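Okay, so here's the structure we're looking at.
The values are calculated or read from the model by the stated rules, or taken from the named source; none is laboratory data. Computed from a predicted model, the values in this text were never measured in an experiment. Reconstructed Cβ throughout: ideal geometry from the backbone, glycine too, with neighbour counts over all protein chains shown. In case anyone asks, the SASA skips ligands and DNA or RNA and just uses the protein heavy atoms, side chains included. Shrake-Rupley method; radii C 1.70, N 1.55, O 1.52, S 1.80 Å.
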Amino acid sequence: MSMRPQIPVRTVESDQALSFIRQMGVENVSLFLTPDELTYDCIAAQQERLAGFGLTVSDAACNELQKNKSIHLNLADRDEQIERFNNMLRVMGKAKVPFTSVAWQPNGILRTDHRVGQHTRGGISAFCDQNEIMARPNAEDRAYTDQEIWDNFQYFLDKVIPVAEETGVRMALHPNDPPLACMAGIPSLIYNTECYRKAFAMAHGSKALGMKLCVGCWLEGGDDFGDLMSDIKEFCADDRILCVHFRNVDSTLPVFEETLPEDGYADMYAIMKQLVACDCNAVISIDHGFKPMEGFGGMPGSFCYPTGFMKGLMWAAEKELGKR
Ligand SMILES: [Mn+2]
């Protein structure tokens, strides 16, 4: 099976937006849910509505639970939050949602500016300056240690892996973005390939833990993150890649701008060919489109062009490698 192009949607997407997505030749959507929407009835109703547009929910996630400070930093209500996470897995399992997302970054993706860039032709994109991020004070009342972060991750895995196994819902772990070892007093969990190997080893051999292979994060880190080509091969062979984030940047750290796929420093066709050559069967989506133009197209509008470009690369790679 080849990779499946995908676009993220929320439950409030209009009928027009859903038709527009389907007309791009996209069949899979990643469903973003609010905490109130984490019920079987809500997900089943969304699946039915999306099916009416020829769309399948390939995965679903709730931001509040995938980036949860209490779980990541062992705050007082950690167990309660993990139980909410497990209930989410149970609900998704009942609705047969194949996987959900986890990103061990309690303060989310860190960027230092959103503005028109050198490569955006008037569009608004995201910028990151490592020096500015490293100068930030502790985000919490104290600095955390590396050991604490990994201990908290192990505690989480021990509680959720059995539920993930039982419900059949896998978890796609995204790298910390930007992939720096520590930001604002909070050590990152995943900032290179070695961190992923360590995380998978901690899952006690369970394949319930997989990854979101965020090409953007790999490119931001460059050689410090790992060798993207051999990492694709390794993690495809190990059946860990559940989702690919297809994103280019104009440079590695310390300073980068997010670009369209054809404008960054990486050869995205070479990356696509490696994914196809390794028989990657994940969903694949554009990551962080430019800010949608006011009153025009919303998020599907901003994702439309780069998604088409990505699909073109996929078509060409499959053709060239005799897989189409
Ligand atoms: Mn990403």
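Tabulated data
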read-out	value
Other-chain or far-sequence residues with amide H under 5 Å of residue 113's (modelled H)	127
Convex hull (Cα only) mean projected area of segment 74-207, reported in nm² to one decimal	10.1
Diffusion coefficient, µm² s⁻¹, Stokes-Einstein with Kirkwood Rh over alpha-carbon pairs of segment 1-87 at 25 °C and 0.890 mPa s	172
Between segment 231-264 and segment 176-192, the Cα center-to-center distance that results, in Å	17
Solvent accessible area, Å² - residue 200, 1.4 Å probe, full protein context	10
Those lysines that a straight Cα-Cα span of less than 30 Å connects to residue 198, excepting residues fewer than 8 apart in one chain	67, 69, 96, 159, 207, 212, 233, 273
Dipole magnitude of segment 105-166 about its Cα centre (Cβ charges: Lys, Arg +1; Asp, Glu -1), debye to nearest 20	540
At q = 0.11, 0.14, 0.15, 0.17 Å⁻¹, base-10 log of I(q)/I(0) for segment 233-324 (Debye sum, equal scatterers on each alpha carbon)	-0.35, -0.56, -0.64, -0.80
Heavy-atom surface of the chain, accessible at 1.4 Å and reported per residue (Å²)	42
Cβ crowding within 10 Å averaged over residues, with 160-170, 207-217, 7-17 ranked highest first	207-217, 160-170, 7-17
Dimensionless Rg ratio for the chain, taking C-alpha atoms and the 2.2 N^0.38 Å reference	0.96
